[in-house]
Amino acid sequence: MKRRIAARQGVELAALAVLAIVAIFLGANALSFVAERNRLPATTYISDIDVSGLGVDDAISRTVRALSEPVALSYAGEVVNLDPGTVEVRLNQAVARLQIDQILRQKQSLDQFPNHILRKTTQSRIPAPIVYSESRLSTFLLGLAARFDREPSFAQAGSDGTGSVTSAGRQLNFVEARDALV
């Protein structure tokens, strides 16, 4: 009889220990879930800028800094640096804030708690809401075309009045170039 009581107490102690471990595990995850509620999840990007784990203001600041760095462009085998300030590139911070807030609201939902425990995250890529000067971008592209575009050259016309192209010309496609830059 005493053995049955001792065995029963051992099972009860083991069950209490397991419950305590589960409670500590869930409690720690609940605290980290609440503590991280205002931070973007891992693998969050604004355009190609990694803003994982940042708050709203820090994510916007990092994006603004990245958008102010020169961009190396390649055209006609030449590398040309574009300073974003020359085309007045800037982040539409109000729209970026709304996009980030939407991701944070989804993350804060209680139905995301199991994903938090399992450390499941999905990649979020926010398109950068940028504003720029269309006229300054056109001016930049016109200057680029003036520097690097060329007319095709022809060989001397023969007696029959025909000539052959010796060098193909090059002309910047403004629509494609603008879209690629934006």
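The values are calculated or read from the model by the stated rules, or taken from the named source; none is laboratory data. What you see is a predicted model; the values in this text were computed from it and never measured. With ideal geometry, Cβ positions are generated from the backbone for all residues, glycine too; neighbour counts draw on all protein chains shown. When the accessible area is computed, the model is the full protein with side chains, heavy atoms only, and any ligands, DNA or RNA have been set aside. Shrake-Rupley method; radii C 1.70, N 1.55, O 1.52, S 1.80 Å.
For the reader, a short list of remarks on this structure follows.
- Each of Gly55, Ile21, Val71 was scored by the projection of its Cα onto the charge dipole of the chain, and the greatest displacement toward the positive side belongs to Ile21; charges sit on the C-beta of Lys, Arg, Asp and Glu.
- Helix-only CD estimate at 222 nm, as mean residue ellipticity for the chain, using -39500 (n - 2.57) per DSSP H run (n ≥ 4): -16000 deg cm²/dmol
- Probing with 1.4 Å while keeping every protein chain in the model, the per residue accessible area of the chain equals 69 Å².
- Accessible surface of the chain, 1.4 Å probe: 57 percent of it comes from carbon and sulfur atoms.
- Qualifying trypsin sites (Lys or Arg not before Pro) in region 1-63, where qualification requires a DSSP coil assignment and no more than 16 other C-beta atoms within 10 Å, comprise Arg37.
- Computed from Cα positions, the angle between helix 2-35 and the longest principal axis of the chain comes to roughly 30 degrees.
- Between 0 and 90°, nearest 10: helix 134-148 axis offset from the chain longest Cα axis: 50
- Amide hydrogen proximity for Ile46: with H placed 1.01 Å from N in the peptide plane, the residues at 5 or more positions away or on another chain lying under 5 Å are Val51, Ile126.
- Test item: Cα-centred dipole of the chain, Lys/Arg +1 and Asp/Glu -1 on Cβ, debye: 1640
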